[in-house]
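Take a look at the structure below.
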Amino acid sequence: MSETIFSKIIRKEIPAAILYEDELALAFRDVNPQAPVHFLVIPKKAIAKLSEATEDDQSLLGHLLLVANRVAAQEGLTGFRLVTNCGAEAGQTVFHLHIHVLGGRSLDWPPG
């Protein structure tokens with residue numbers, strides 16, 4: 001996987017408003033929020049997009065969801081939306097797997 005802005009955030013080369021960090025994952029505020037609460041949850045392991053995850057990543061992927069839930073509660077969200085774009089045609093612009101967590105307002109459906 002090529003170098004991304006998220007790789008630099010993981011290595012603390014670029015500042016970010018970090019909300020949570022452990023040995024597997026990092027959660028930080030989105031710099032271009034689309035809702036009153038908008039943060040990202042990323043694995044520290046380099047996975048470009050969800051379609052490139054393997055069976056070996058099963059535990060890590062579950063961990064990312066639990067981190068999203070934990071940080072959403074920490075942020076006071078009682079309802080929230082998770083979004084993972086997979087590929088450029090789906091709107092993915094940073095090719096490091098990430099989960100958008102959005103909340104703090106009513107979210108319409110369909111989103112796209």
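The values are calculated or read from the model by the stated rules, or taken from the named source; none is laboratory data. What you see is a predicted model; the values in this text were computed from it and never measured. Reconstructed Cβ throughout: ideal geometry from the backbone, glycine too, with neighbour counts over all protein chains shown. To get the accessible areas, we keep the full protein, side chains included, count just its heavy atoms, and leave off ligands, DNA and RNA. Shrake-Rupley method; radii C 1.70, N 1.55, O 1.52, S 1.80 Å.
Go over the candidates Asp108, Asp22, Asp56 one by one and state the one that is of a type outside the set (A, V, I, L, M), free of Cβ contacts under 8 Å to residues at least 60 places away in the same chain and open to solvent by less than 30 Å² (accessible area, probe 1.4 Å). Answer to the selection: Asp22. All of Leu61, Leu97, Leu82, Leu65 fail the test of being more than 20 Å from Val37 (Cβ to Cβ), at pLDDT 95 or above, open to solvent by 40 Å² or more (accessible area, probe 1.4 Å) and of a type in the set (A, V, I, L, M, F, W, C), apart from Leu61.
Glu13 satisfies every condition listed in (1) assigned to a loop (DSSP other than H, G, I, E, B); (2) within 15 Å of the chain's Cα centre (by Cα) except (2).
Considering only residues that are farther than 16 Å from His63 by Cβ and in contact with a helix residue (DSSP H, G or I) (Cβ under 6 Å, 6 or more places away or on another chain), look in the range 8-19 and name the one that is surrounded by the fewest Cβ atoms within 10 Å (Cβ to Cβ).
The qualifying residue surrounded by the fewest Cβ atoms within 10 Å (Cβ to Cβ) is Ile14.
Among the residues of the range 50-66, is there at least one that is in a loop (DSSP other than H, G, I, E, B) and closer than 18 Å to His96 by Cβ? Yes: one or more hits. Gln34 passes every criterion in (1) of a type outside the set (A, V, I, L, M); (2) under 24 Å from Pro111 (Cβ atoms); (3) open to solvent by less than 80 Å² (accessible area, probe 1.4 Å) apart from (3).
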